[in-house]
Amino acid sequence: MEFYKMENVVVVGHSFGGRVAIKLAESSRVAALILTDAAGLKPRRRPSYYFKVLSYKIKKALGFSSNSGSSDYRALTGAMKGTFVKVVNEYLDGSAAKITCPTLLIWGENDAETPLYMYKRCLRLIASSRGVIMENAGHFPFLDDPKRYYTLVKQFAITFSEVPS
């Protein structure tokens, strides 16, 4: 955005891209933001999660190999694993609370990756936000109902983009 001197940009971010979009929204170049099933907020954790993490750390310390972690994590090697852990453990609740540009949240009602409680938290954190929950959609609402998704994005984005004359 800086290199191309882009101003008044409407940024759309889905899932991990939502993390990036939240960080970009700190820039004055962002006129509006659309977050779709965005990741990055601190998740709710059950005690079983912490037990699982502790078990992994003990096994690792004792030299045992483990198939723990997400499939994304297990697919990585070397330094990428460390980078991945740092990224997914960076919680952006504070960054989201600083967003001042108009923001549209689009969430699939059946999203298991970034559940609806994250949508509700985004609505509370981002003062300038409004939201749409897409029925019968999961983590990829733009695939589940592309026509409706595109219509929502277009209607919102057109309000903030400058059309050259």
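The values are calculated or read from the model by the stated rules, or taken from the named source; none is laboratory data. From a predicted model like this one, the values you see are computed outputs, not experimental measurements. Cβ sites come from the backbone with ideal geometry, for glycine too, and all protein chains shown count toward neighbours.
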C122 meets each of (1) hydrophobic (A, V, I, L, M, F, W, C); (2) under 28 Å from V10 (Cβ atoms); (3) at pLDDT below 85 with one exception, condition (3)
Of the residues that sit in the stretch 29-87 and are part of a strand (DSSP E or B) and of a type in the set (A, V, I, L, M, F, W, C), which one is farthest from the chain's Cα centre (by Cα)?
A31
Quick one: is Y4 modelled with pLDDT under 85 and outside any strand (DSSP E or B)?
no
Mind listing whichever residues of the stretch 91-123 are assigned to a helix (DSSP H, G or I), buried (at least 17 other Cβ atoms within 10 Å of the Cβ), touching a helix residue (DSSP H, G or I) at 6+ places or on another chain (Cβ under 7 Å) and hydrophobic (A, V, I, L, M, F, W, C)?
A96, C122
Name the single residue, out of those in the stretch 72-81 being of a type outside the set (D, E, K, R) and closer than 29 Å to L33 by Cβ, that is surrounded by the fewest Cβ atoms within 10 Å (Cβ to Cβ).
M80
Got a sec? Which of N110, N89, N8 is at positive phi and of a type in the set (S, T, N, Q)?
N8
Matching option when the condition is closer than 19 Å to M118 by Cα and surrounded by fewer than 17 Cβ atoms within 10 Å (Cβ to Cβ), among K23, K60:
K23
